Amino acid sequence: MKKNFNIAIVGLGQIGCYLLNELNTKKNDILIKTGKKINIVAISAKNKNKKRQFRINKKIFYTNPLKIIKEKKIDILIEAIGSSDGMSKKIVEIALKNKIHVVTPNKALISKHGDYLAKLAEVNKVNLEFEASVGGGIPILRTIKESLATNKIKKVYGILNGTCNYILSEMEETKDSFANVLSRAQKLGYAEPVNPKLDLNGYDALAKIKILSSLAFNNKISKSINLMEGIENIENKDFEIVDQLNYKIKLLGITELINNQLFERVHPCLVKKNTYIGNVNGVMNAVILKGTPVGESVLQGEGAGPGPTSSALMSDLLSILRGNIKYPFGINDKRRKKIKTYDVNKYLNSLYVRLEVKDKPGVLSIITKQLAKYNISVQRLIQIPDHKRKTASIVIITHEANEKNSKICFKSINRNKNILKAPVLIRLF
C-alpha cells in the first residue's frame, strides 16, 4: 500500500496560501492520523513574487500549472484558483484524466461542471472532493453523503454566505450603512476586496444550494435559476421596521422537492427573532436538514475565511490518504437523475414590502387598488411620514400570494410617478 503522497497546490490566494502553511506545519499530525507521508512537490500561481502571508518555496513554483502534470509525479492536486471555467476547469479535468485525486473548495466550478468532473473521477477511479465548497468548516456534504446516507431528505435550508450574514448582522447591530459595513467586511477579509458582487447578489449561495440539492436528492446539478436575489437593496430603515415586527433579516438558501419538482432559491427572508436561524450572526453559516427518519439536523460553523475552508480541505485530504475512494456525489453517476424544475410563478409566500412615496392624498389608495387587482391581500400596513421631505414610507405585510402576481403587481406600482424608488421586497420564511 502506498505510503508517500506527492501534492501540488494550484492557486495561492488567501485559501491556497493558508492551506500550504497548514500542510507544511502539520505533516507529522497527518502521518500520525493516516500513516501516510505527504510531500509538497509543486505550487502554482500567476505571480511568483507577490507578497504573501506565508513564505513559499520558490524552487517548486510554477507559473503554468499545466507543466506540473507533465514534469512531476502527482498523487493529489488541490485546486484553489476559484473560477468556474478557464484554468480551474482545465487543470482539474487534466488531473482526473491522469488518475490524480483532486481536492477543491471551488463551488463555482462544482456547481457548473460537477456532473462532468464527477464522471471523470469515477471512470479513472480517483476522488473528487469538494467539502470546502459549501459551508466553510461545516462538514455538511460529508454528513449528507455518509452520516445521513439512508435518510430521505425533504428540505435543506440555511445561511450559506458568511459575507452577507456578517453585513446584515452588523447593519442591524451598529445601525451603520450598507456601504460602510461592506468596506469593513472587505478589510477583514470576509468580502472580496475588488468585486464582492457574487457574494452580495446571491450567486455564491445559489451555487452552494445546487451542490446541496444534488447530494440531498441524488439529482444531476440543476442548470436553472428558480429565484436569486441579494442584499444590496436592504437599508437601515428596514432593520428598524422589522425589529418592531419581531423579525430579523437573513439571506437564506433553500432547496426542497415540491410535488417531486426541484425548487431552489436564494433570497433575503424575514425570520422570527426567536427561531434558531434568526440568531445565527456574524460570519457564521448554519445548515438545517429535514429528513426521515432523522428528523431535523442542524450544523453550524464559520463560513468565511481561509481557516474554516482549510479545515474542510484537510478533511478531504485525509479521507484520500486513508484510501477511501468514493463517488463524488455519494452514488454512482448513472443512478443520479434529472429532476423537473418547480415553476417559481406558482410559489406562494407572504411579503414584506417597503415603498417610498410622495406624501400626498390618494397615493395609498392607488397602491391598495393595485394590490386588490392582483389578489394580494394586506395583513398589516404601516405608514411612516417624513414631514420635512414631504415623503412617506409605506410598509405592507401581505397574506400569501403567488410569485407571478406579486412581481407583476409591484412592477406596475413602481411605474407610478408618486413612487420614488423601486420597492424593497423581502419574503417571510
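The values are calculated or read from the model by the stated rules, or taken from the named source; none is laboratory data. In this text the structure is predicted, and so the values were computed from the model without any measurement. Neighbour counts run over all protein chains shown; Cβ positions are idealised from the backbone, glycine included.
So the values come out like this:
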item	result
Where K411 falls short, out of the listed (1) in contact (Cβ under 8 Å) with a residue 24 or more places away in the chain; (2) under 32 Å from the mean Cα position of the chain (by Cα)	(1)
Complete set of residues in region 381-396 that are among the β-branched types (V, I, T) and buried (at least 19 other Cβ atoms within 10 Å of the Cβ)	I394, V395, I396
Residue in region 257-278 that is of a type in the set (D, E) and assigned to a strand (DSSP E or B) present	yes
Residue check for K340: in contact (Cβ under 8 Å) with a residue 60 or more places away in the chain and in the same structural domain as L182 (by TED's automatic domain parsing)	no
Conditions (1) touching a strand residue (DSSP E or B) at 6+ places or on another chain (Cβ under 6 Å); (2) more than 25 Å from R380 (Cβ to Cβ); (3) of a type in the set (A, V, I, L, M, F, W, C); (4) in a helix (DSSP H, G or I): number failed by A207	(1)
Answer from G230, G189 - the residue that is in a loop (DSSP other than H, G, I, E, B) and crowded, with 17+ Cβ neighbours inside 10 Å	G230
From E173, E122, residue being outside the structural domain of K58 (by TED's automatic domain parsing) and in a helix (DSSP H, G or I)	E173
Unique residue being touching a residue at least 60 places away in the same chain (Cβ under 8 Å) and over 22 Å from E229 (Cα atoms) when the list is I331, I288	I331
Top-ranked residue in region 221-272 [being among the hydroxyl-bearing types (S, T, Y) and modelled with pLDDT of 95 or more; ranked as farthest from A118 (Cα to Cα)]	Y247
Qualifying residue in region 353-367 (condition: part of a strand (DSSP E or B), more than 30 Å from K152 (Cα to Cα), among the hydrophobic types (A, V, I, L, M, F, W, C) and without any contact (Cβ under 8 Å) to a residue 24 or more places away in the chain)	no
Spans of strands (runs of 3 or more DSSP E) in region 1-108 with at least 2 residues over 31 Å from the mean Cα position of the chain (by Cα)	4-10, 37-44
Qualifying residue in region 291-302 (condition: within 18 Å of the chain's Cα centre (by Cα), buried (at least 22 other Cβ atoms within 10 Å of the Cβ) and either outside the structural domain of V353 (by TED's automatic domain parsing) or within 15 Å of P139 (Cβ to Cβ) (or both))	no
Of all residues in region 414-425 being touching a residue at least 60 places away in the same chain (Cβ under 8 Å) and more than 32 Å from the chain's Cα centre (by Cα), the one that is farthest from I366 (Cα to Cα)	L420
Matching residues in region 31-61 - criterion: being hydrophobic (A, V, I, L, M, F, W, C) and closer than 15 Å to V10 by Cα	I40, V41, A42, I43, A45, I56, I60, F61
Residue check, A312 part of a strand (DSSP E or B), out of contact with any Ser or Thr (no Cβ under 7 Å at 6 or more places or on another chain) and closer than 17 Å to L141 by Cα	no
Near pairs, Cβ below 7 angstrom, 6+ apart or cross-chain, from region 103-117 (not assigned by TED's automatic domain parsing to the domain that holds G13) to any residue that is small (G, A, S) and surrounded by 24 or more Cβ atoms within 10 Å (Cβ to Cβ)	none
Only one of A401, A372 that is in contact (Cβ under 8 Å) with a residue 24 or more places away in the chain and over 24 Å from the mean Cα position of the chain (by Cα)	A401
Of the criteria (1) touching a Ser or Thr at 6+ places or on another chain (Cβ under 8 Å); (2) within 21 Å of G135 (Cβ to Cβ); (3) part of a loop (DSSP other than H, G, I, E, B); (4) not polar (S, T, N, Q), which one G291 fails	(3)
